[in-house]
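All remarks here apply to the structure that follows.
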Amino acid sequence: MSQRAQELVQRFEAANNAMIRYIEGCSEEDLNKVTSGEEWSVRVAAHHIAASHAPVAGLAYLVATGSELPALSMEMFHQMNAKHAADYATVSKADVLAALAQGGAKAAGMVGGFSDEQLARSAHMAAFGAPMSAQQVVENILIGHITHHLDSIKASVGK
């Protein structure tokens, strides 16, 4: 594992572990509160993060290996997110925690396998209208996704 990949894995795991610890401390009442940013329940927002780990790490892998990227638009993301919110409206706390742990382990394993050269490789991201390196996908989407939603969850729960 390259030093840069190791540092990214550590940052990702720290963010994911912070989410796990926070959700562990939530009551059922907390999990049912609606987040202002996403307008989802806390349980749905947390599961959304967990369910996104492997696909986002997979996107970083496609960039890192110079593979063809799927033609994803922001509208497609919004549609997938809305379906996920409906499908997981009643997901249990135990299932959220398991998904965070399992998805986190899978994503960390993928990111840990990147070389410095792969982390530096870039590709045009149609949904964002700009090129991003594999490292930027990991930092801005994989890790940033957790911190963004965790901040929203904390603001909604109030602790």
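Scanning segment 132-159 for residues that are farther than 17 Å from Ala50 by Cβ, open to solvent by less than 50 Å² (accessible area, probe 1.4 Å) and of a type in the set (A, V, I, L, M) yields Met132, Ala134, Val137, Val157. When restricted to residues that are touching a Ser or Thr at 6+ places or on another chain (Cβ under 8 Å), open to solvent by 50 Å² or more (accessible area, probe 1.4 Å) and among the hydrophobic types (A, V, I, L, M, F, W, C), segment 108-126 contains 2.
Restricting attention to segment 3-53, the residues that are touching a strand residue (DSSP E or B) at 6+ places or on another chain (Cβ under 9 Å) and part of a loop (DSSP other than H, G, I, E, B) add up to 3.
Residue pairs whose Cβ atoms lie under 9 Å apart, sitting 6 or more positions apart in sequence or on different chains, and linking a residue in segment 1-28 that is at pLDDT below 95 to a partner that is of a type in the set (Asp, Glu) and open to solvent by 50 Å² or more (accessible area, probe 1.4 Å), are Ser2/Asp116; Ser2/Glu117. Could we say that Ala105 is surrounded by fewer than 19 Cβ atoms within 10 Å (Cβ to Cβ) and in contact (Cβ under 8 Å) with a residue 40 or more places away in the chain here? It is false that Ala105 is surrounded by fewer than 19 Cβ atoms within 10 Å (Cβ to Cβ) and in contact (Cβ under 8 Å) with a residue 40 or more places away in the chain. The residue of segment 74-102 that is farthest from Glu39 (Cα to Cα), among those that are open to solvent by 50 Å² or more (accessible area, probe 1.4 Å), among the small types (Gly, Ala, Ser) and assigned to a helix (DSSP H, G or I), is Ala101. Under the condition of being farther than 15 Å from Val137 by Cα and either open to solvent by 20 Å² or more (accessible area, probe 1.4 Å) or among the charged types (D, E, K, R) (or both), the residues counted in segment 3-33 number 18. Of everything listed in (1) surrounded by fewer than 18 Cβ atoms within 10 Å (Cβ to Cβ); (2) more than 26 Å from Lys33 (Cα to Cα); (3) touching a residue at least 40 places away in the same chain (Cβ under 8 Å), the single unmet condition for Gly129 is (3).
Matching residues to (1) charged (D, E, K, R); (2) within 30 Å of Glu29 (Cα to Cα); (3) in a helix (DSSP H, G or I):
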site: Phe114; (1), (2), (3): no, no, no
site: His124; (1), (2), (3): no, no, no
site: Met132; (1), (2), (3): no, no, no
site: Val137; (1), (2), (3): no, no, yes
site: Ile141; (1), (2), (3): no, yes, yes
site: Gly144; (1), (2), (3): no, yes, yes
site: Thr147; (1), (2), (3): no, yes, yes
site: Asp151; (1), (2), (3): yes, yes, yes
site: Ser156; (1), (2), (3): no, yes, yes
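Of the set (1) over 12 Å from His47 (Cα atoms); (2) touching a Phe, Trp or Tyr at 6+ places or on another chain (Cβ under 7 Å), all apply to Ser67 but (2). Candidates in segment 35-92 are the residues that are hydroxyl-bearing (Ser, Thr, Tyr) and farther than 22 Å from Leu150 by Cβ; of these, the one that is modelled with the lowest pLDDT is Ser73.
Residues in segment 56-73 that are within 15 Å of the chain's Cα centre (by Cα) and open to solvent by less than 40 Å² (accessible area, probe 1.4 Å): Val56, Ala57, Gly58, Leu59, Ala60.
The values are calculated or read from the model by the stated rules, or taken from the named source; none is laboratory data. As the structure is a prediction and not an experimental result, all values here were calculated from the model. Don't worry about glycine lacking a Cβ; one is built from the backbone with ideal geometry, like all the others, and counts go over all protein chains shown. Heads up: the accessible areas ignore ligands, DNA and RNA and are worked out on the full protein's heavy atoms, side chains in. Shrake-Rupley method; radii C 1.70, N 1.55, O 1.52, S 1.80 Å.
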